[in-house]
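> One structure coming up, written as structure tokens, with questions to follow.
The values are calculated or read from the model by the stated rules, or taken from the named source; none is laboratory data. Keep in mind that this is a model prediction, so the values were computed, not measured. Glycine also receives a Cβ, built like all others from the backbone with ideal geometry; neighbour counts cover every protein chain displayed.
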Amino acid sequence: MIERQEIVMSYFNLAIDGPAGAGKSTIAKKIAKQLGFIYVDTGAMYRAMALYFLRNKIDATDSGAIEKACQKVDVTIEYRNGEQLVILNGENVNGLIRTEEVGNMASASSVNKAVRMKLVELQQSLAKKADVVMDGRDIGTYVLPDADLKIYLTASTQERARRRWLELKEKGITANLEEIEKDITSRDHRDMTREFAPLRQAEDAVYLDSSDLSIDEVVAKIVSLYEGVNKK
């Protein structure tokens, strides 16, 4: 009698971590498109949760209220016609989660373990079903500790603030560069000092400073690293 062996599919997981404003999402999207991978926007998922908290007037420091709210929140990612949609309790919230207010709430509320555990489970599940590029604060250290390639992408505080200022300016939004830099510094401190899964470079991650690099140059460097790993 011939024993039937179960074939286990192996998917490539690429993790990109780094502080706010480092360009992680932009870079990850381009890499995913170039390699034909699924892009998992973890930041957007946290922002969707934050939007729910804001809508329901839940304070980021009210752990009890946040934990209860997590039981009522469903955040999923869908792809329609090649576009990634972030779905919050059945609603497409792509156009509502990119404000400064939502970003600040996402950073503040993500220190709550209940919020992180809610989303980590979904993120890990996605990584088992497809080749993925995932970016965030703790992908290589916590969400996908066994990722095939890990990148720690960063840039100077000044450069990250400048990029954010230009982004807002292009959208016709008036912003103060100094205030943006202060906000980024504050976010860095929260992300790096939170008790659960803080932002840090994984021991086996490649450090990449993008301060003096263009988007295409960063993409080329990471794709080159991927090709090197994939040949092994």
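> From Ile222, Ile184, which residue is in a helix (DSSP H, G or I), closer than 26 Å to Thr61 by Cα and not assigned by TED's automatic domain parsing to the domain that holds Lys113? Step through it out loud before you land on a result.
Working: Ile222 fails: closer than 26 Å to Thr61 by Cα.
Sole residue among the options that is in a helix (DSSP H, G or I), closer than 26 Å to Thr61 by Cα and not assigned by TED's automatic domain parsing to the domain that holds Lys113: Ile184.
> Here is a list: Ala147, Ala161, Ala130. Which entry is under 27 Å from Ala220 (Cβ atoms), out of contact with any helix residue (DSSP H, G or I) (no Cβ under 7 Å at 6 or more places or on another chain) and among the hydrophobic types (A, V, I, L, M, F, W, C)? Explain how you work it out, then say what you get.
Details: Ala147 fails: out of contact with any helix residue (DSSP H, G or I) (no Cβ under 7 Å at 6 or more places or on another chain); Ala161 fails: out of contact with any helix residue (DSSP H, G or I) (no Cβ under 7 Å at 6 or more places or on another chain).
Every option except Ala130 fails the conditions.
> Of all residues in segment 31-46 being touching a strand residue (DSSP E or B) at 6+ places or on another chain (Cβ under 9 Å) and over 23 Å from Ile87 (Cβ atoms), which is surrounded by the fewest Cβ atoms within 10 Å (Cβ to Cβ)? Give the steps one after another, and end with the answer.
Of all residues in segment 31-46, those touching a strand residue (DSSP E or B) at 6+ places or on another chain (Cβ under 9 Å) come to 31-33, 35, 37-46.
Keeping just the survivors that are over 23 Å from Ile87 (Cβ atoms) gives 31, 35.
On the way: Ile31: 22, Leu35: 18.
Residue satisfying both the conditions and the ranking: Leu35.
> Condition check: farther than 25 Å from Leu14 by Cβ and modelled with pLDDT under 90. Does Lys113 satisfy that?
Numbers: farther than 25 Å from Leu14 by Cβ: yes; modelled with pLDDT under 90: yes.
Yes.
> Now, a different point. Against the definition (surrounded by fewer than 22 Cβ atoms within 10 Å (Cβ to Cβ), outside any helix (DSSP H, G or I), under 15 Å from the mean Cα position of the chain (by Cα) and touching a residue at least 24 places away in the same chain (Cβ under 8 Å)), how does Val111 come out, yes or no?
Numbers: surrounded by fewer than 22 Cβ atoms within 10 Å (Cβ to Cβ): yes; outside any helix (DSSP H, G or I): yes; under 15 Å from the mean Cα position of the chain (by Cα): yes; touching a residue at least 24 places away in the same chain (Cβ under 8 Å): yes.
Criteria met by Val111.
> Any idea how many residues of segment 132-149 are assigned to a loop (DSSP other than H, G, I, E, B) and either out of contact with any Phe, Trp or Tyr (no Cβ under 7 Å at 6 or more places or on another chain) or in the same structural domain as Met49 (by TED's automatic domain parsing) (or both)?
Final tally of qualifying residues: 6.
> Next question. Kindly provide the set of residues from segment 129-185 that are small (Gly, Ala, Ser) and farther than 23 Å from Ile77 by Cβ, ordered by number. Reasoning before the result, please.
Here is the first cut: in segment 129-185, the residues small (Gly, Ala, Ser) are 130, 136, 140, 147, 155-156, 161, 172, 175.
Scanning segment 129-185 gives Ala155, Ser156, Ala161, Gly172, Ala175.
> Inspect segment 188-206 for any residue being aliphatic (A, V, I, L, M), touching a Gly at 6+ places or on another chain (Cβ under 6 Å) and in contact (Cβ under 8 Å) with a residue 40 or more places away in the chain and give the result as yes or no. Outline the logic, then answer.
Restricting attention to segment 188-206, the residues satisfying the condition of being aliphatic (A, V, I, L, M) are 192, 197, 199, 202, 205-206.
Okay, now just the ones that are also touching a Gly at 6+ places or on another chain (Cβ under 6 Å), so 202, 205.
Narrowing the set further to residues that are in contact (Cβ under 8 Å) with a residue 40 or more places away in the chain leaves 202, 205.
Yes, there is a match, as at least one residue in segment 188-206 is aliphatic (A, V, I, L, M), touching a Gly at 6+ places or on another chain (Cβ under 6 Å) and in contact (Cβ under 8 Å) with a residue 40 or more places away in the chain.
> Right, here's the next one. Taking Leu166 as the residue in question, decide whether it is modelled with pLDDT under 90, out of contact with any Asp or Glu (no Cβ under 7 Å at 6 or more places or on another chain), among the aliphatic types (A, V, I, L, M) and in a helix (DSSP H, G or I).
Details: modelled with pLDDT under 90: no; out of contact with any Asp or Glu (no Cβ under 7 Å at 6 or more places or on another chain): yes; among the aliphatic types (A, V, I, L, M): yes; in a helix (DSSP H, G or I): yes.
Taking the combined requirement at face value, the residue does not satisfy it.
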